[in-house]
1. Just to be sure, is residue 372 in contact with a helix residue (DSSP H, G or I) (Cβ under 8 Å, 6 or more places away or on another chain) and not assigned by TED's automatic domain parsing to the domain that holds residue 217?
2. Residue check: is residue 270 in a helix (DSSP H, G or I), touching a residue at least 12 places away in the same chain (Cβ under 8 Å) and touching a strand residue (DSSP E or B) at 6+ places or on another chain (Cβ under 6 Å)?
3. Do any strands (runs of 3 or more DSSP E) entirely within segment 150-207 hold 3 or more residues that are outside the structural domain of residue 30 (by TED's automatic domain parsing) and at negative phi, and if so, which?
4. If residue 55 meets every condition in (1) crowded, with 18+ Cβ neighbours inside 10 Å; (2) closer than 21 Å to residue 120 by Cβ apart from one, which number is that one?
5. In segment 294-305, what residues are touching a helix residue (DSSP H, G or I) at 6+ places or on another chain (Cβ under 7 Å), crowded, with 23+ Cβ neighbours inside 10 Å and assigned to a loop (DSSP other than H, G, I, E, B)?
6. Residue 212 is checked against (1) part of a loop (DSSP other than H, G, I, E, B); (2) over 20 Å from the mean Cα position of the chain (by Cα); (3) touching a residue at least 40 places away in the same chain (Cβ under 8 Å) and fails just one. What number does that condition carry?
7. Consider segment 181-204. How many of its residues are more than 22 Å from residue 340 (Cα to Cα) and under 15 Å from the mean Cα position of the chain (by Cα)?
8. Test residue 347 against the stated conditions and say whether it is assigned by TED's automatic domain parsing to the domain that holds residue 189 and within 30 Å of residue 154 (Cα to Cα).
């Protein structure tokens, strides 16, 4: 197995490059900083269906040796949902063209693709194939996406267990943290007035527990709730939809005097503004949640500030109340408004400097740089 330095790496992502960063975007940046030549493959442009294929490679504007690949298909993307074998047969020739456009041998295929859009066999036998599901596999296509991987990393054991039938190595590696979030953190900062609560993430996601979230906002009019993330399709590079229910939810938030919607912001801007928050909120419906309440990328970012996190049930942090204050129930969030008030009423305790330092220390031990060190050691030791 090659080390994770000075290699050519192709990252397969179900979300495009844009202002909002998820794990795959952060890993791409960190891999590039290590001297790798990284190509980030955006999902195919579906509006190009039937209008001829194209492949465009261009600078990311982030790291010098991180390049983005935009591409379109000459065959309809919707074939994937109706005639999958034919879609994969056609996609195989398209993948060959992508590899040819890269113009040099690819050492590592690093896939975050849970849609089985690019089965590993399409990339031949030479590259090392690394599969990295960070969300719960919810269907057979998501399971099949791991077939042929040399190694599988994921953020929870629950996810890894879904791939037990496949050959290859498997290892849990928690979500990572961009080091920008650790700059200028002050565990002794005095709370301001009003108290500020942060919720970061895509507001277009249908798995938010919208009723409970609105209840918390309405029951705490003296608290300012600040939302960071897309709330219109034009802002989003990570999916979501503006159906009537979503539009009604966004409108309901906007009518609340104690709500501020910031929209999508850069990682650096988000890190800076998070340092001014007094507590953090997570509110997903576990039954519909794409992570099934097992782990969330945003928790590591929240913990980096040192401030208390109030959340729906998250299995990865079970038994760690010093890190995450969560409801006990897995099936509903009816106790979350009560828990939020309890934390709010004793915020000095929950944000005691000793607790803040524990949270900051935990986050600092899980930067993307350190996660890549762990990944590299694992695959080197096992090969």
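The values are calculated or read from the model by the stated rules, or taken from the named source; none is laboratory data. None of the values given here were measured: they were computed from a predicted structure. Backbone-built Cβ (ideal geometry, glycine too); neighbour counts: all protein chains shown.
1. Considered against the rule, which asks whether it is in contact with a helix residue (DSSP H, G or I) (Cβ under 8 Å, 6 or more places away or on another chain) and not assigned by TED's automatic domain parsing to the domain that holds residue 217, residue 372 comes out as yes.
2. Yes.
3. It comes to 196-200.
4. Going through (1) crowded, with 18+ Cβ neighbours inside 10 Å; (2) closer than 21 Å to residue 120 by Cβ one by one, residue 55 breaks only (1).
5. Residues satisfying the conditions are 295, 304, 305.
6. That leaves (1) as the condition not met.
7. 1
8. Taking the combined requirement at face value, the residue does not satisfy it.
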